[in-house]
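Please read the structure below before turning to the comments.
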Amino acid sequence: MPFHLSENELIGGAVLIFSLFGLIKEQWFLANTRKGERLTKWFGPSRALWVLRLIFITGLIFGALLAAGMIHPIQWE
């Protein structure tokens, strides 16, 4: 098989892509999902936006580090 992705690269890439998509569609997420409505209720509209951005930026960083092989998940034997 000439092209092979490890499990960490696949999961890290997926987390990276979903976090990037969430960061792009942050207004939609806050307005149209229950979790977005809950964040808005808890923190208010402007602060909820920054909390959501922080969550998605953390996902971007985690996904990139996982895909690059710099962090490793716990593997149970």
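The values are calculated or read from the model by the stated rules, or taken from the named source; none is laboratory data. This structure is a prediction, so every number in the text was calculated from the model and none was measured. No Cβ is skipped: glycine too gets one built from the backbone with ideal geometry, and neighbour counts run over all protein chains shown. Surface accessibility is based on the protein's heavy atoms, side chains included, excluding ligands, DNA and RNA. Shrake-Rupley method; radii C 1.70, N 1.55, O 1.52, S 1.80 Å.
Per-structure values
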quantity	calculated
For the range 46-53, 3J(HN,Hα) per residue [Karplus equation, 6.51 cos²θ - 1.76 cosθ + 1.60, θ = phi - 60°, Hz, x = Gly/Pro]	6, 6, 4, 4, 6, 5, 5, 4
Spin-label zone in the range 26-54 - amide nitrogen under 18 Å from a point set 7 Å from the Cα of A64 along the C-beta vector	53-54
Accessible-area value, K35, 1.4 Å probe, nucleic acids and ligands omitted, Å²	130 Å²
For the chain, convex hull volume per residue from C-alpha positions, Å³	129 Å³
Size-normalised alpha-carbon gyration radius of the range 38-77, reference 2.2 N^0.38 Å	1.65
FRET efficiency, 1/(1 + (r/R0)^6) with R0 25 Å, evaluated for W50 and I11 via beta carbons	0.40
GNM flexibility winner over the chain from G36, G63, G12 (Cα, springs under 10 Å)	G36
Gain in span if fully extended, L20 to T33, counting 0.36 nm per residue against the direct Cα distance	3.0 nm
Average Cα contact separation per residue, the range 17-77, under 8 Å, 6 or more apart, as relative contact order %	34 percent
Around V51: net Lys/Arg minus Asp/Glu count, Cβ-Cβ under 15 Å	+3
Per-pair calculated FRET efficiency, R0 = 25 Å: H4 and E77 via Cβ, rounded to 0.05	0.65
